[in-house]
Amino acid sequence: MRTLRAAERDARGLDITPSAFTNRVGSITDRNAVRAAMDGVKTVLHTATLHKPHVATHTKQDFVEANVTGTLVLLEEAVRAGARQFVFTSTTSTFGAAMNPASHQPAAWVTEDVVPVPRNIYGATKLAAENLCALFAREHRLPVVILRTSRFFPEADDDPEMRAAFTPENAQANELLYRRADIADIVDAHLLAAERAREIGFGRFIVSATTPFQESDMAALRTDAPLVVRRLFPEYEALYAAAGWRMFPNVDRTYVNAAARGALGWRPKYDFAHVLASLRTGKDFRSALAREIGIKGYHGEAYRDGLYPVR
């Protein structure tokens, strides 16, 4: 919404929380609210969701209502309103256990061909929502693009061990090698998906920063990630040392964005090479949009563990 407003595009924001970028306050599970908001709309960008950090505070039924029923309502009302294209923000979390190889196996090379194995209600309901999108694309010829996004929010990791071992900036710089994108690149991918949805018809794409790794690197990454990174970026160690940063000792997966780059014409700008260039010049490697948005959190209250509730 920030980007569309800045470009003076006619955009309407529906959200359960009031904000400067919310035109209508309401839930995607409220059909009347959705129908009123959908009037005259040609493109639907469906980003609403209960997320992984909500697993500790919401029931499985809550997830079904928000992520599955809400998606169904949006799809039905989009068809009813004559919308021309529908973009659904999904998640690489749908892959679930498929991204966690056994300790003796190489890191997972994750493309769209990997069969999802959701390991929590978040992944399960997002995958169910994807399948509803596919159904409406078939039954109603509604052009739909599903974007399986990797991490892109700037807050600290939800794993307390990771937070204890690495600063958020260090961890997120490392993740841009294999499992993260900047929110500015995520926005670009959504806008390109909207532009190309009718040409694509139906598509499901991984959206993550372009990895420098090859599939042949997966075995070495599982045992000695710094060795692989040093081979690809010989200068990284000195730049990291000056910043007081460390590379992860190993990597268990790598997201591959080749299909998204090919089908959408997407060219993400914020990758690991950009991180190193920023370290050389003493600049923040995050985009201006990421810095502007900052950390919003997932709940209306604070917890002992910061953003993340502990049950």
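Laboratory data are not the source of any read-out in this text; all were calculated from the coordinates shown. All figures in this text were calculated on a predicted structure; none of them were measured in a lab. Glycine gets a Cβ as well: all are built from the backbone with ideal geometry, and neighbour counts include every protein chain shown.
Summary of computed values
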| item | result |
| --- | --- |
| Principal-axis tilt of helix 70-81 within the chain, Cα atoms, nearest 10 degrees | 50 |
| Calculated from backbone phi, Karplus (6.51, -1.76, 1.60) coupling profile of the range 88-104 in Hz, x at Gly/Pro | 10, 7, 9, 8, 5, 5, 4, 5, x, 5, 5, 9, 10, x, 4, 4, 8 |
| Eligible lysines near LYS269 by straight Cα distance, threshold 23 Å, same-chain separation 8 or greater | LYS283 |
| Globularity index of the chain, i.e. its alpha-carbon radius of gyration over 2.2 N^0.38 Å | 1.01 |
| Reachable aspartates and glutamates, given that their alpha-carbon falls under 19 Å from the alpha-carbon of LYS60 and they are not under 8 places away in the same chain | ASP30, GLU130 |
| Trypsin sites (Lys or Arg not before Pro) within the range 1-101, DSSP loop, no more than 11 other Cβ atoms inside 10 Å | ARG9 |
| Under-5 Å amide H pairs with VAL44, H placed in peptide plane, nonlocal only | GLN85, PHE86, VAL87 |
| Degrees, to the nearest 10: 121-140 long Cα axis against longest axis of the chain | 50 |
| Nonlocal amide H pairs with HIS51, under 5 Å, H built at 1.01 Å | none |
| Degrees between helix 272-281 axis and first principal axis of the chain (Cα, 0 to 90, nearest 10) | 60 |
